[in-house]
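Presented below is the structure to which this report refers.
The values are calculated or read from the model by the stated rules, or taken from the named source; none is laboratory data. Predicted, not measured: the structure shown is a model, and the values here were computed from it. Cβ atoms come from the backbone with ideal geometry, glycine included; neighbour counts cover every protein chain shown.
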Amino acid sequence: MNRLELEVDTSEQSSNKQFCNQKIKDTILISLLEYFFKQNGYNENLFKSMCKYLYTINIINDKEIYSDKKRNIRKSYINNIINITEKHNKITTNDNDLEPSNAFIKSLEQSRYNIDFIEGKCIGDGNFGKVYKAINKYDNITYAVKKVPFKKINNKSYIKLLKEVQILAKLQHNNIVRYYTSWIEFIDTNNFIEKSISYDNITNSNYHEIIKRNKNNNDIPTYYPILFIQMEYCNMTLRDYINKRNINCKMVNNELENKYINEIITGVKYIHSKGIIHRDLNPNNIFFDKDMTIKIGDFGIAIKENEQNDNVSYIYGSQLYASPEQLNNKKLTYTSDIYSIGIIYFELLHIFNTSMERIDMITQLRNNKLDNYNGKKQIEKMIIKNPYKRNL
């Protein structure tokens, strides 16, 4: 064998070894995850959804590992781990040797969020969890971090949440809130110090307080996963901007408002090019960054256009901005989002003194009872009741 052949052969052996090591790591991880889910009473669909998510974000590399045909292999891995653990327990004679359990708990306390971020105020509160302003200690950049405790949500909501993460990960555009990464941490919710702390109140300051076990209680702690989603931080919502403008200004700056609506349209066109319908475009889900550039966010109820199901309800989102077909639980199209843009455009081009006035005027617009208003020629095309006749 010449030198070149030897180098190629060595390279192939190294590559094969890395592949085998990765496969073993994947199998151990999925086996432990399956065991955890069974021990805590979670069903198999939830387990498989978690595995799909781990595959999507490249934590595991082989989809077959969590398939039914690999079930016996996973079971064998778990049995071996249990046997090793039991042997270790039999050897243990000194009470001090029991400390590894404390070390395990301490390892769970090493929160990536706690280590990497300085948490600020809560800036958003949704159905699944809260969003916090958080400064990364290493790059000194401010991010928005969404925390979702899985214990609060059912299986369908969990799957929707994973879909939101998957959609965010695929969207890279200047007018879309940027997704950076996501991860899962485990919190001991079995015991609390002195008083119970609500899942809705998990912050950087009380994180260790939640983890810490009551010294008078020797029960084994129960750990529940919390999903962290790290996103681009935006200074304010379009709703904040409109409210402030309505108080401080007597006239609309048409050039500026047209700039914002064009950025919204550009972002929505990009979303549609990826086969996605947002379904909840409204001023609360549209943001500004520090440079006052429009950023579309909150994809919690977004769906893929080709994955609609006749048995699924489409009555989601803010009703004042939702299209007629959405409110009537009909199949949606990309133009369902265009209808919402038309209502937002109307609001941008008019100053309202009160929320009641805003709601009344938009309701009249939706019911075709307004004769003259700013931007009528363009807005009329966007809010036609027939979704197939709408256009930008």
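Name every residue in region 349-368 that is among the charged types (D, E, K, R) and either more than 21 Å from residue 336 (Cα to Cα) or outside the structural domain of residue 253 (by TED's automatic domain parsing) (or both), in order of residue number.
357, 358, 360
What number of residues within region 289-346 are modelled with pLDDT of 90 or more, part of a strand (DSSP E or B) and not charged (D, E, K, R)?
2
Among the residues of region 31-87, write down those that are of a type in the set (A, V, I, L, M, F, W, C) and either farther than 18 Å from residue 165 by Cβ or more than 31 Å from the chain's Cα centre (by Cα) (or both).
So the first thing to find is which residues in region 31-87 are of a type in the set (A, V, I, L, M, F, W, C), and the list is 32-33, 36-37, 46-47, 50-51, 54, 57, 59-60, 65, 73, 78, 81-82, 84.
Passing the criteria: 32, 36, 37, 65, 73, 78, 81, 82, 84.
Has region 265-273 got any residue that is part of a loop (DSSP other than H, G, I, E, B), surrounded by fewer than 22 Cβ atoms within 10 Å (Cβ to Cβ) and over 21 Å from the mean Cα position of the chain (by Cα)?
no
Could you say which residue among 308, 326, 319 is more than 26 Å from residue 143 (Cβ to Cβ) and buried (at least 21 other Cβ atoms within 10 Å of the Cβ)?
Unique residue meeting the criteria: 326.
Answer yes or no as to whether residue 392 is aliphatic (A, V, I, L, M) and buried (at least 16 other Cβ atoms within 10 Å of the Cβ). Break it down into steps so the answer makes sense when it comes.
On the way: aliphatic (A, V, I, L, M): yes; buried (at least 16 other Cβ atoms within 10 Å of the Cβ): no.
The answer is no for residue 392.
I'd like to check something: does region 277-285 contain any residue that is surrounded by 14 or more Cβ atoms within 10 Å (Cβ to Cβ), farther than 28 Å from residue 134 by Cα, under 23 Å from the mean Cα position of the chain (by Cα) and not basic (Lys, Arg)?
yes
Being in contact with a strand residue (DSSP E or B) (Cβ under 8 Å, 6 or more places away or on another chain) and of a type in the set (Asp, Glu) is the filter here, so list the residues in region 244-274 that pass it.
263
Among the numbered criteria (1) part of a helix (DSSP H, G or I); (2) surrounded by 15 or more Cβ atoms within 10 Å (Cβ to Cβ); (3) at pLDDT 85 or above, which one does residue 37 miss?
Only one criterion in (1) part of a helix (DSSP H, G or I); (2) surrounded by 15 or more Cβ atoms within 10 Å (Cβ to Cβ); (3) at pLDDT 85 or above is unmet by residue 37, namely (3).
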